[in-house]
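Remarks on the structure that follows.
The values are calculated or read from the model by the stated rules, or taken from the named source; none is laboratory data. Computed from a predicted model, the values in this text were never measured in an experiment. Glycine also receives a Cβ, built like all others from the backbone with ideal geometry; neighbour counts cover every protein chain displayed. With ligands, DNA and RNA removed, areas are computed over all heavy atoms of the protein, side chains included. Shrake-Rupley method; radii C 1.70, N 1.55, O 1.52, S 1.80 Å.
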Amino acid sequence: MSLQFYFGPSGSGKSTKLYRDMHAVAKEYPEKNILFIVPDQFTMQTQYDLVNESAEKGIRNIDVLSFGRLSHRIFEETGYGSEPVLDDTGKSLVLRKVAASMEKELPVIGPNLNKIGYIHEVKSAISEFMQYGMSPKHVEELSEYAKSRGTLHYKLKDLQAIYQNFLTYIENRFITTEETLELLTKAVEKSDIIKESTVIFDGFTGFTPIQNRLIQRLMELTDRVIVSVIIEGNENPFEIKGEQELFYLSKKTVKDLCSLAEEAGIGREKDVYLNMSPVVRFAANAELAHLEKHIFRYPLKPYVGVWGQKRAIHIAEATTPAREVKEVCIKIKELVLSGEYCYRDIAIVAGDLESYGDYLERESALYNIPMFIDRTRGLLLNPFIEFIRSLLKIKLTNFSYESVFHYLRSGLAGFEEEEVDLLENYVLALGIKGRKKWSEAFVRKPWNVSEEEQLLLLNRLNESRERLMVQLEPVLEKQKTASEYIRALYEFIVNARIQDKLVKFETQFEQSADRERAREYAQIYRLVMELFEQIEDLLGEEEISMQEFADILDAGFSEIEIGIIPGGIDRIVAGDLERSRLKQVKILFVLGVNDGNIPRNSSKGGILSDIDREFLQTSTFELAPTPRQQMYIQRLYLYMNLTKPAERLYLSYAGTSGDAKALRPSYLIDMVKKLF
């Protein structure tokens, strides 16, 4: 039972040292379990690196897991966690149901519940409470603390009421993803995998209170817990000077874990310090070594060394983001064609991946560059989802013009474009709306053409009308329960042969080499069916109105996202400055180094405003970082990314936005210029 830290700056070889040390332990104690816990995005890369560091090219009794996979492994062994896990989609569905039943009891939140995306914000607030170990009782105490703040007090009271009802609804039926860690804290006591094992946490910048409680329990049950911490070699990791420090988050993590160890009576092993200067990664690159040592440290110390034959740091300005991405793709092609680099030696991070992602997707296809863009894609605007939403809208709005033609033009209704155009012109000309009018044969003749032509056109129109009404028949019948709505919708989808149509779209995108879109269409049918199953399981025989059902379905659709697994080894990874976890690369391009992207506008919006968060920080409860704290944390992520490449770093920014607004370069550009 002991706690040990591996300290070192970025590029000092903390992970490599851990791999080698653990291989030695695995060889000496083959019966001991060694568990590497790493962030989700890093599990496969860690396994790969562990195998490479092994003399036998294997990982023996070492296992690589994320927090989620650790939960599955321990629950499988101990029998805990047998209840179904409620994911984000399930939470939104339950919250929509719970909040709708108590709308009049919620003076602040109640009137906004029907706004698009509002349930998502309620879910985010409740997920945050659970993640930080706050019960409804704690939220009630927090609302009392905020009594002097008027609106904040009532917002917290509303959230506390929804939170309490949400927990009551799912009690003994489901557990949330946040609760799995709480349950895991109890389950590890019964686990033989955990007893006397060595557990390593690598690649994390910090932990939430609920994760800290789990780590404390692991300290008590295991032989040793090791945590790697990113910090400058000559800094004291046990002395916190203030939030403005570059490595404040690392020092806070150390302080929290040491307090927990002391509280549990856990001993400390001698910590490992990797403070070689320059760090291992930049032993042969003086410019990047200087950047690692002095970026975000004050006063700035200009580089006075000798520049290498190939300059390590480059800054470029482009006219627009589109032009910036185009030039980067040209440069990548040039580097690869030189024969010195493979695509996998190069990575891209963007200050705003949401804006740059589409440009990267388009230009990489144009230049035939294999690229994996590390982002999740929301599916709310997918034609299949639009098809279902417009279908329900037809029933809710009693065949309004907008809902009917939204449905017909979704691409899945099976109507030809010319056929829909003809129908639309007729409906607009005669002002046809309402189920009654659509159920009756069209007989009026508005066109100034011969009688024979008019009859032919009316026959075509009535064929289209009849086909539409036959399609809609399963959904137009009266339903009362969630289960009945789901079954009617499923019958309609089967009759419309939607699965076959989606397969055709998938094939078309594969043939046009649009892999990301092809994978989206490969997954969308399964994801929608899983949502239907969740609604059936959660709400089943409960009676709800058509409007409530449509709102619940919308809440579920808004949570559906797909992540794409990278295909192929020799490809470029493009990611976000904060979310992506890059392995060591030779060349890194940082795009969108503009004011507003770096530092990113850290305003969370949501139900708890930035001012609310600043006030609540003065309470005894810990919540997610405030915007000011988030800005400091962003600097640490920037430092970690800028020090990833071993050979070259390219920073670029745009002079104007895509809609021709002037943009300013980020403060980072000026800082790098002063350093060099």
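For the reader, a short list of remarks on this structure follows.
- Set VAL573, VAL590: member being modelled with pLDDT of 85 or more, open to solvent by 20 Å² or more (accessible area, probe 1.4 Å), outside any helix (DSSP H, G or I) and not charged (D, E, K, R): VAL573
- Qualifying residue in region 639-649 (condition: free of Cβ contacts under 8 Å to residues at least 60 places away in the same chain and either within 25 Å of LYS331 (Cα to Cα) or in a strand (DSSP E or B) (or both)): no
- Residues in region 74-101 that are assigned to a loop (DSSP other than H, G, I, E, B) and either open to solvent by 30 Å² or more (accessible area, probe 1.4 Å) or at pLDDT 85 or above (or both): GLY79, TYR80, SER82, GLU83, PRO84, ASP87.
- Total residues in region 449-471 satisfying the condition of being closer than 19 Å to VAL404 by Cα, over 46 Å from the mean Cα position of the chain (by Cα) and touching a residue at least 24 places away in the same chain (Cβ under 8 Å): the figure is 2.
- Residues located in region 471-494, provided they are under 19 Å from LYS393 (Cβ atoms), at pLDDT below 90 and open to solvent by 90 Å² or more (accessible area, probe 1.4 Å): GLU473, GLU477, LYS478
- Screening LEU184 against (1) open to solvent by 10 Å² or more (accessible area, probe 1.4 Å); (2) under 26 Å from the mean Cα position of the chain (by Cα); (3) over 25 Å from ASP551 (Cα atoms) leaves a single unmet condition, (1).
- Pairs where the first residue, in region 652-668, is farther than 19 Å from GLU327 by Cβ and the second is polar (S, T, N, Q), C-beta under 6 Å, 6+ apart: ALA662/THR656
- Unique residue being modelled with pLDDT under 85 and either open to solvent by 60 Å² or more (accessible area, probe 1.4 Å) or of a type in the set (Val, Ile, Thr) (or both) when the list is LEU381, LEU366: LEU381
- Test: residue in region 152-173 that is open to solvent by 30 Å² or more (accessible area, probe 1.4 Å) and over 23 Å from ILE552 (Cα atoms): yes
- Output for region 604-627, where each listed residue is open to solvent by 20 Å² or more (accessible area, probe 1.4 Å), modelled with pLDDT of 85 or more and part of a helix (DSSP H, G or I): ILE611, ARG613, GLU614, PHE615
- Here the condition is being open to solvent by 50 Å² or more (accessible area, probe 1.4 Å), under 17 Å from the mean Cα position of the chain (by Cα) and modelled with pLDDT of 80 or more; of GLU105, GLU121, it holds for GLU121 alone.
- In this structure, PRO111 does not satisfy being open to solvent by 40 Å² or more (accessible area, probe 1.4 Å) and part of a loop (DSSP other than H, G, I, E, B).
- Filtered residue count, region 193-220, keeping only those that are touching an Asp or Glu at 6+ places or on another chain (Cβ under 7 Å) and open to solvent by 30 Å² or more (accessible area, probe 1.4 Å): 2
- Identity of the residue in region 1-44, in contact (Cβ under 8 Å) with a residue 60 or more places away in the chain, in contact with a Leu (Cβ under 9 Å, 6 or more places away or on another chain) and more than 23 Å from GLU292 (Cα to Cα), that ends up surrounded by the fewest Cβ atoms within 10 Å (Cβ to Cβ): MET1
- Residue match in region 657-676 (condition: of a type in the set (A, V, I, L, M, F, W, C) and in a strand (DSSP E or B)): yes
- Test: ILE388 is surrounded by 15 or more Cβ atoms within 10 Å (Cβ to Cβ), within 20 Å of LEU461 (Cα to Cα) and of a type outside the set (Gly, Ala, Ser): no
- Residues that are crowded, with 20+ Cβ neighbours inside 10 Å and in contact with a Gly (Cβ under 7 Å, 6 or more places away or on another chain), drawn from region 260-284: VAL279, ARG281, PHE282
- Subset of region 285-335 that is assigned to a loop (DSSP other than H, G, I, E, B) and of a type in the set (Val, Ile, Thr) - its residue that is least open to solvent (accessible area, probe 1.4 Å): ILE295
- Of all the residues in region 510-533, those that are open to solvent by 50 Å² or more (accessible area, probe 1.4 Å) and assigned to a helix (DSSP H, G or I) number 9.
- Residue in region 282-304 that is of a type in the set (A, V, I, L, M, F, W, C), touching a residue at least 60 places away in the same chain (Cβ under 8 Å) and closer than 22 Å to ILE37 by Cα present: no
- A count restricted to region 217-238 and to residues that are outside any helix (DSSP H, G or I) and touching a residue at least 60 places away in the same chain (Cβ under 8 Å) stands at 13.
- Scanning region 1-40 for residues that are acidic (Asp, Glu), out of contact with any Ser or Thr (no Cβ under 6 Å at 6 or more places or on another chain) and not in a loop (DSSP other than H, G, I, E, B), we see that the one that is farthest from GLY233 (Cα to Cα) is GLU28.
- Listed conditions (1) closer than 30 Å to ALA550 by Cβ; (2) crowded, with 19+ Cβ neighbours inside 10 Å; (3) not charged (D, E, K, R) are all met by LEU70, apart from (1).
- Region 534-561, subset of a type in the set (Gly, Ala, Ser) and in a helix (DSSP H, G or I), residue farthest from TYR118 (Cα to Cα): ALA550
- Members of region 45-58 that are in contact with a helix residue (DSSP H, G or I) (Cβ under 7 Å, 6 or more places away or on another chain) and touching a residue at least 24 places away in the same chain (Cβ under 8 Å): ASP49, LEU50, GLU53, SER54
- ILE240 meets the conditions (1) in contact with a helix residue (DSSP H, G or I) (Cβ under 8 Å, 6 or more places away or on another chain); (2) open to solvent by less than 30 Å² (accessible area, probe 1.4 Å); (3) β-branched (Val, Ile, Thr) in every case but one. The failed one is (2).
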